[in-house]
Amino acid sequence: MSNIRKIHNQLQNKEISCLELIKNKLDLLKSNTHHTVNSLLDNTALALAKKVDAKIANGETIGLLEGIPFGIKDVYMVQGTYTTASSDLLKQYKSSYTATAIQKLLDAGAIPLVKENGDSFGHGSSSENTIFGAVKNAINPDLVAGGSSGGSAVNVAKEYTVFSIGGDTGGSIRQPAGYNNVYGLKPTYGRVSRFGILAYASSTDCVGPIAKSIEDIRIVLNTMSGKDVKDQTTYKSEEIAKEAILNANEIKTVGYFKNFIENKAIDAKVKADFLASIEKIKATGITVKELDFFESDTLVSTYYTLAMAETASNLSRLDGTNYGARIEGDNLKDTYAITRSENFSEETKRRIVGGNQVLSQGFSDEIYLKGLNLRDQISENFEKDFKEVDIILSPVTPNNPPKIGDSLKDPLAMYLSDAYTVGFSLGQLPTLTVPQGTATGLQITAAKNNDELVLKFANFLKDTI
Ligand code: GLN
């Protein structure tokens, strides 16, 4: 059931007013104890709601997204709002412009309610690396929400927002979606413009929706997609029609990575549940193939080598000169050093130091170039796989969400929890978490630009397992 359509009909038929709807969601956000909110956009939201009500009172027809409340991970520029990346460095920073993807939603009339908490600069898999307090899981608040788009996933799961826009560099939409039992899509790289997202690793950063239904994911994806002159990696994509994703007859073959499932690190129940889902898929007549893939350790180290290198470069601009909370030192060099060491978190500093190390003279050939080479091999592997299968299915994570506090003690364990998501990011593939199959969901992946097929298979799975 599409929440967007349901609310749209209620608004258009005057069963609810937009102002009441928005007030109610703002109250829920304000009083929530999950630490999902960095800042509320209440004045803007209330003013926009009144306009929608006036239109309806006037007998006008409203657009599908008009008046629908949504959340925005606090890494997107929205003109005039704080954009903190959940960091001390940008705690007081206000955007001077609006990200393309967000602007498209605003143009469609959707109402932004909140800038959402998550791991600082996207650095993390638990949403504990933040100055706004660890985000608590929607189902069990003793557990982490997942990261880095944890606040966005919890807001959707709790229905504080109808949908939220997360950011996914190596799993940050899919993993918290899985931990909180909602849908989360990382579209094909380049389908949605990155203009106005605070860059983490530019070669895998993706903008995507988190929502409670496949239909809502489709609606929001269509609205945000498209070529943008401000992001040269974007491409023109076809709109995905509502009817186009209802029938999955063309999907004949599904593959899964044997080594993901036979891995020592996978939880026994996640494994058993995954294999049970595979059996149900087989029972419908679909052929299931086991596929070979790179070991988890190789995927995680390749991803972190490249992601750290890119984030070290991207964050070098944050030195207190043009942006951020400048702390004066005795001289300019000192000022840079103090500003950055006081205002970046331990996790962010670990990545900047690691990234500069792999890029430095004497190391870059051995480490960074090797990472790039492995990435090419991973992409080739995917190209080969998608000649044999239509869809690749995998668990989202090897384990259940950890307790709050545990990941901070063991960063390496946290990196390894990304084992199943980072490969698809390196391949720039469309991939969706569905809240089914295992406790932390299943991940549906297709070949590049085949976002439509992913949504089709999600609809099929909804009725199959
Ligand atoms: N957990 C991964 C990381 O910390 C992915 C984060 C993300 O997608 N932003 O790099």
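The values are calculated or read from the model by the stated rules, or taken from the named source; none is laboratory data. In this text the structure is predicted, and so the values were computed from the model without any measurement. Note that each Cβ is placed from the backbone with ideal geometry, even for glycine, and that neighbours are counted across all protein chains shown.
Yes/no matrix, rows are residues, columns are (1) closer than 18 Å to residue 290 by Cα; (2) aromatic (Phe, Trp, Tyr); (3) in contact with a strand residue (DSSP E or B) (Cβ under 8 Å, 6 or more places away or on another chain):
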site	(1), (2), (3)
403	no, no, yes
408	no, no, no
412	no, no, no
415	no, yes, no
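Summed over the range 67-109, residues that are closer than 19 Å to residue 52 by Cβ and not aromatic (Phe, Trp, Tyr) total 14. In this structure, residue 264 does not qualify as at pLDDT 95 or above and either exposed (fewer than 14 other Cβ atoms within 10 Å of the Cβ) or among the charged types (D, E, K, R) (or both). For residues that are within 16 Å of the ligand (Cβ to nearest atom) and closer than 20 Å to residue 99 by Cα, scanning just the range 155-176, find the one that is surrounded by the most Cβ atoms within 10 Å (Cβ to Cβ). Here the answer is 172.
Evaluated against (1) of a type outside the set (S, T, N, Q); (2) within 16 Å of the ligand (Cβ to nearest atom); (3) in a helix (DSSP H, G or I), residue 380 falls short on exactly one condition, (2). Among the residues of the range 197-240, which ones are within 16 Å of the ligand (Cβ to nearest atom) and under 15 Å from residue 99 (Cβ atoms)? If the condition is that a residue be within 16 Å of the ligand (Cβ to nearest atom) and under 15 Å from residue 99 (Cβ atoms), then 197, 198, 199, 200, 202, 205, 206, 207, 208, 209 are the ones that fit.
The single residue among 118, 124, 133 that is out of contact with any Phe, Trp or Tyr (no Cβ under 7 Å at 6 or more places or on another chain), over 21 Å from residue 227 (Cβ atoms) and surrounded by fewer than 20 Cβ atoms within 10 Å (Cβ to Cβ) turns out to be 133. When the range 394-449 is filtered for residues that are acidic (Asp, Glu) and within 13 Å of the ligand (Cβ to nearest atom), only 418 remains. Elements of the type helices (runs of 4 or more DSSP H) sitting completely within the range 398-463 and holding at least 2 residues that are crowded, with 24+ Cβ neighbours inside 10 Å: these cover 422-426.
Go through the residues of the range 190-197 one by one and say whether even a single one is over 28 Å from residue 355 (Cβ atoms), assigned to a loop (DSSP other than H, G, I, E, B) and basic (Lys, Arg). No, every residue in the range 190-197 fails to be over 28 Å from residue 355 (Cβ atoms), assigned to a loop (DSSP other than H, G, I, E, B) and basic (Lys, Arg). Restricting attention to the range 178-196, the residues that are small (Gly, Ala, Ser), more than 12 Å from the ligand (Cβ to nearest atom) and on the phi < 0 side of the Ramachandran plot add up to 2.
Taken as a whole, the condition of being in contact (Cβ under 8 Å) with a residue 40 or more places away in the chain and under 20 Å from residue 311 (Cα atoms) applies to residue 76.
Taking the numbered list (1) assigned to a loop (DSSP other than H, G, I, E, B); (2) under 22 Å from residue 42 (Cα atoms); (3) of a type outside the set (S, T, N, Q) in turn, residue 146 passes all entries but (2). Looking at 279, 290, 366, just one residue is in a loop (DSSP other than H, G, I, E, B) and not aromatic (Phe, Trp, Tyr), and that residue is 366. Right, residue 242: in contact with a strand residue (DSSP E or B) (Cβ under 7 Å, 6 or more places away or on another chain) and exposed (fewer than 14 other Cβ atoms within 10 Å of the Cβ) or not? No: the conditions fail for residue 242. If you go through the range 238-264 and pick out every residue that is assigned to a loop (DSSP other than H, G, I, E, B), more than 24 Å from the chain's Cα centre (by Cα) and over 18 Å from residue 447 (Cα atoms), you end up with 5. Here residue 145 meets each of (1) under 14 Å from residue 197 (Cβ atoms); (2) aliphatic (A, V, I, L, M); (3) within 16 Å of the ligand (Cβ to nearest atom) with one exception, condition (1).
Tell me, which helices (runs of 4 or more DSSP H) wholly within the range 1-83 include 2 or more residues that are touching a strand residue (DSSP E or B) at 6+ places or on another chain (Cβ under 7 Å) and hydrophobic (A, V, I, L, M, F, W, C)?
Result: 18-31, 42-57.
Listed by first and then second residue, the pairs with beta-carbon distance under 9 Å, at least 6 apart or on different chains, first residue in the range 371-385 and touching a residue at least 40 places away in the same chain (Cβ under 8 Å) and under 11 Å from residue 428 (Cα atoms), second part of a helix (DSSP H, G or I) and not aliphatic (A, V, I, L, M), are 375/302; 375/303; 378/298; 378/302; 378/423; 382/423; 382/424. No other residue among 281, 378 is crowded, with 19+ Cβ neighbours inside 10 Å, among the β-branched types (Val, Ile, Thr), more than 26 Å from residue 121 (Cβ to Cβ) and modelled with pLDDT of 95 or more apart from 281. For first residues located in the range 110-122 and within 13 Å of the ligand (Cβ to nearest atom), partners that are hydrophobic (A, V, I, L, M, F, W, C) and at pLDDT 95 or above and lie 6+ apart or on another chain with Cβ distances below 6 Å form the pairs 120/85; 121/85. From the list 185, 221, 198, the lone residue that is under 11 Å from the mean Cα position of the chain (by Cα) and crowded, with 24+ Cβ neighbours inside 10 Å is 185.
Report whether or not residue 101 is farther than 30 Å from residue 409 by Cα, within 16 Å of the ligand (Cβ to nearest atom), touching a residue at least 60 places away in the same chain (Cβ under 8 Å) and within 19 Å of the chain's Cα centre (by Cα).
So residue 101 passes the test.
Limited to the range 123-136, what total is found for residues that are closer than 19 Å to residue 210 by Cα and away from the ligand (no atom under 16 Å from the Cβ)? Selection size over the range 123-136: 1.
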